[in-house]
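Notes follow the structure.
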C-alpha cells in the first residue's frame, strides 16, 4: 500500500503543528505504531524548525511524504541560500544548541540526508522503517489482496 502527501507551508512557526497533525493522522490512519509515529513527528518537527529558523530566503517551504513498502520517507525543502557556515569561534560542543536538531533526527530515523547548496536551498530526507499496530489497516488490506490473488 502506498500513501503520498504534499504540503506547501508558509515559513512560520505555526506551520509546524499543522505538519505534525497531517503527517501524524496519515500514519495513524494506516495503523503505524504510536512510538514509530512519535519518532517520525519529532524528526520532521526538527527539520521544519530548522527551515523556519535558518532558511534565509523564501516565504514557503515544502513537505512531501510517502509510505512505500513499509517505509516512510519525508522530504523537507526550502528555497533559501543553503546553510550558513559556522564561524570558527562558534562552540558546537555537546551543550551547544546549534546542530542538536540534526543529532536528534539521526537518532530517530533510519536514514537522514541533507542536500544543500548556494541558491538552491536545502532538502532534508528522512527515512524510517515503520512498525505497525496489531490489526493495522495496511496489514488487513495486504492479507485481503493476497487472498483474492491467490
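Every read-out reported here was derived from the displayed coordinates using simple, explicitly stated rules and does not represent laboratory data. Keep in mind that what you see is a predicted model, and the values were worked out from it rather than measured.
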Length gained, residue 71-residue 18, 0.36 nm per residue minus C-alpha separation, equals 16.9 nm
In nanometres, the difference between 0.36 nm per residue of separation and the alpha-carbon distance of residue 148 and residue 2 is 50.7 nm
